[in-house]
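Participant: Would you mind keeping the following structure in view while I ask a few things?
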Amino acid sequence: AAERLRAAHGLSRGEGGCLVPLLAREAFVQALRRLGVPFVQSFAEADREIAGLANRWGCPVLSLDSDFCVFDLAGGYCPLSHFQWQSVCAGDGPQGCYVPARCFSAAKFCRHFGHLDRRLLPLFAVMNGNDYLDLAALEAFFSKAPLPRGCAAGKGGRHGRLRGLLGWLAQFAEPAEAVDSVLEYLRKHQREEIRALLCAAMEDYTPSDANLEDFFQSGKYECEAARKADLPQWVRDALAKGKLAPFISDALILRSTFLHVQVENMQRPSAHSTAVPIRQVIYGLLLKRSCSTEAASPSKQTSELPVVCEFDRLQKTLKKTFVQAASLPKDFCDDHFLLDKLMEVPMSRRQMLLLETLGVKMSFLESIPSHLQLPVALTCYWIHYSEPKVKLNQLKALLLMIVSGELHRITNEPDPTVLCAEDDSIAYNEFLKWKEKNLQNQGFDLDAAHSFCQWQCCLQMGLYLNQLLGTPLSEPDLSRRLYSGTLVHRLYQELKSTPSVENLFHFSPKMSQLYQVLLNTVES
């Protein structure tokens, strides 16, 4: 989270860098579904389950996580960075076409370091500090141990130290013997604590024995961590199928969540603060106790509402804030709204709770295509809650961008039962010409970017609440151009100087009408 914050801050000042967009996970899950790619969402850390399934199926792991260099994988590990996507080769044999790639083999790697036993690789990874363990106490080992090939401080840098450690580990027949030897270089009072830490961290590199094959055959995902958490069966199933986000299980089980930073104005409050009321309702549904329990102690009720610890940014630093769950409105206070019974509540009541949270009535949304009703409701919410207030040109830019996504959808992925009108094709080609001419223009308005970040935060949490309530409104397809940060920014800049951009889709009466309906609905 801290690295992400540093990258976002650099980008907001015009420096280079890379940051995954806020809704990338949701867009990816939707794309997998649309393409019919089977997938399972792991309940906890996915690496062990991926390694277990890869070994069961005898295939390599595709990833960009160097931890897979350490797992004992029968089929090896193919880093995604080494796929030559532009060089598809036409194979002559039975396998047909292929994409050239590279495969890492732990066995070959170990042979390079004097027949190092593969079982020692987890100890090697842990001693160098992985995502979960950074043992400052091991510096005593590195300063005293007789590591080969000049890897003392300052000689060969980090790679010299890695090579030296691998060479030193090669003398041991198995991990326990190597751990004992490491501990000899540490102070006696530290040894048992560090032994326990090392052994626990090495366990993380053992392929899981969870049978994920069952999930792909029968849809059943059995995992010890999920059983121990004692979650309702429908929640476990929805998490496994990616119908609920990891944010939900984090809030439910850990009572803490990380809110990912975007390229926003670091001097202003976090863009996520706009969506606090939506998150409070999510927490209220997840952590709601029985009404009879609450009624028994009305005096304590307000002080005992559950809280969730949120990790977010305060200017350029990470800060944790305790956010109180919402007390659900009286209409929703019966025990049917307890998490295990939530799917038994009539859909109309679940929809009412969603719309009340967003401050919108269903009658306002009836003229909107069903797949755009949730984004439009969240746009109304965004205008109501965002600080500083949304400018009219920001709203128009956002709605024009949504319409451009619709135009792309009907011209590029047409419904075979509906003919694409010629005027839609003309409008789309005109839009592409405008885009080609204007998207190259430089210029970045940090405050506008911040406002659009707030909209994305509202959309993210609105999606999560909608999913938790069993989708009372249709889920918008993020993987089909619902949002493009570059495009909305360019439209906003153009609207300030050239108001006629509002008529960008005038060649298509259908798209012009859609834009007017969206604008009138939100303004009303």
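The values are calculated or read from the model by the stated rules, or taken from the named source; none is laboratory data. In this text, all values refer to a predicted model and were calculated from it rather than measured experimentally. Methodologically, a virtual Cβ is constructed for each residue, glycine included, from the backbone with ideal geometry; neighbour enumeration extends over all protein chains shown. The accessibility values were calculated without ligands, DNA or RNA, using every heavy atom of the protein model including side chains. Shrake-Rupley method; radii C 1.70, N 1.55, O 1.52, S 1.80 Å.
Participant: Keeping every protein chain present and rolling a 1.4 Å probe, give me the accessible area per residue for the chain in Å².
Facilitator: 51 Å²
Participant: Here's a follow-up. Under a plain spin-label model, where a point goes 7 Å from the Cα along Cα-to-Cβ, how far apart in nm are SER524 and ILE426?
Facilitator: Placing both labels 7 Å beyond Cα along the Cβ direction yields 3.0 nm.
Participant: Same structure again: List the lysines whose Cα lies under 27 Å from the Cα of LYS437, skipping any in the same chain that are fewer than 8 positions away.
Facilitator: LYS391, LYS396, LYS496, LYS510
Participant: Using a Förster distance of 45 angstrom, determine the FRET efficiency expected from the C-beta separation of GLU177 and LEU32, and round it to 0.05.
Facilitator: Once rounded, the FRET efficiency stands at 0.50.
Participant: Taking the chain as the reference, fit the longest principal axis to its C-alpha atoms, fit the long axis of helix 347-358 to the helix C-alpha atoms, and give the angle between the two in degrees, 0 to 90, nearest 10.
Facilitator: With both axes taken from Cα atoms, the answer is about 90 degrees.
Participant: So how exposed is SER404, as accessible area in Å² (1.4 Å probe, rounded to 10)?
Facilitator: Taking all protein chains as shown, SER404 has close to 10 Å².
Participant: While we're here: Please give the helix 509-523 orientation as an angle from the longest Cα principal axis of the chain, in degrees from 0 to 90, rounded to the nearest 10.
Facilitator: For helix 509-523, the angle is close to 90 degrees.
Participant: Once each part is reduced to its C-alpha centroid, what is the distance from segment 207-286 to segment 368-427 in angstrom?
Facilitator: The two parts, judged by their Cα centres, are 28 Å apart.
Participant: Just report the Cα centroid separation between segment 446-493 and segment 37-71, whole Å.
Facilitator: Between the Cα centre of segment 446-493 and that of segment 37-71, the gap is 30 Å.
Participant: Place a +1 charge on the Cβ of each Lys and Arg in the chain and a -1 charge on the Cβ of each Asp and Glu, then give the dipole magnitude about the Cα centre in debye, rounded to the nearest 20.
Facilitator: About 1240 debye.
Participant: Something else now. Can you give the FRET efficiency to the nearest 0.05 for LYS108 and GLU222, using r as the Cβ-Cβ distance and R₀ = 41 Å?
Facilitator: 0.70
Participant: Still on this structure: Just subtract the alpha-carbon distance of SER81 and VAL99 from 0.36 nm times their residue separation and send over the number in nm, one decimal.
Facilitator: 5.2 nm
Participant: Amide H to amide H, which residues 5 or more places from VAL307 or on other chains are under 5 Å from it, using H placed in the peptide plane?
Facilitator: Placed amide hydrogens put ALA325 under 5 Å from VAL307.
Participant: Of all accessible surface on the chain at a 1.4 Å probe, what whole percent is carbon and sulfur?
Facilitator: Result for the chain: 53 percent of the exposed heavy-atom area is carbon or sulfur.
Participant: Of all DSSP beta bridges in the chain, what percent run antiparallel (nearest 5)?
Facilitator: Expressed as a percentage, antiparallel bridges in the chain total about 60.
Participant: Output ³J(HN,Hα) for segment 103-114: one whole-Hz value per residue in order, computed from phi by the Karplus curve 6.51 cos²θ - 1.76 cosθ + 1.60 with θ = phi - 60°, and x for Gly and Pro.
Facilitator: 10, 8, 10, 4, 4, 5, 4, 5, 4, 5, 10, x
Participant: If contacts are Cα pairs under 8 angstrom and at least 6 residues apart, what is the relative contact order of the chain in percent?
Facilitator: In percent, rounded to a whole number, it is 16.
Participant: May I pose another question? Tell me which residues come under 5 Å, amide H to amide H, from PHE104 once H is placed; ignore anything under 5 positions away on its chain.
Facilitator: Correct list: TYR77, CYS78.
Participant: Output wanted: per-residue J couplings in Hz (rounded whole) for segment 39-54, from phi through Karplus 6.51 cos²θ - 1.76 cosθ + 1.60, θ = phi - 60°, x for Gly and Pro.
Facilitator: Those phi angles translate into 8, 10, 9, 5, 6, 10, 5, 7, 3, 5, 6, 4, 4, x, 5, 4 Hz.
Participant: A further question on this structure: Within 10 Å, count the other beta carbons around each residue, average over each peptide in 315-327, 367-379, 477-489, and list them highest first.
Facilitator: So the order, starting with the most tightly packed, is 367-379, 477-489, 315-327.
Participant: Across segment 211-216, in residue order, what do the Karplus-derived ³J(HN,Hα) couplings come to in whole Hz, using 6.51 cos²θ - 1.76 cosθ + 1.60 with θ = phi - 60° and x for Gly and Pro?
Facilitator: Going residue by residue, I get 8, 5, 4, 4, 4, 6 Hz, with x marking Gly and Pro.
Participant: Something else now. Given the options SER256, ALA1, ALA54, identify the residue whose Cα lies farthest towards the positive end of the charge dipole of the chain (+1 on Cβ of Lys, Arg; -1 on Cβ of Asp, Glu).
Facilitator: Checking the options against the dipole of the chain, the answer is ALA1.
Participant: Let me ask another. Relative to the longest principal Cα axis of the chain, at what angle does helix 446-468 sit, 0 to 90 degrees, rounded to 10?
Facilitator: 80 degrees
Participant: Using every alpha carbon pair in the chain, what percent of pairs falls into each 20 Å bin from 0 up to the bin containing the largest distance?
Facilitator: Per 20 Å bin, starting at 0, the Cα pair percentages come out as 17, 45, 31, 6, 0.
Participant: Collect residues whose amide H, placed 1.01 Å from N in the peptide plane, falls under 5 Å from the amide H of GLY242; neighbours closer than 5 in sequence don't count.
Facilitator: For GLY242, the qualifying residues are GLN41.
Participant: Would you kindly state how much longer the chain becomes between ASP214 and LEU254 on full extension, computed as 0.36 nm times their sequence separation minus their alpha carbon distance, in nm to one decimal?
Facilitator: Extra length available between ASP214 and LEU254 comes to 11.7 nm.
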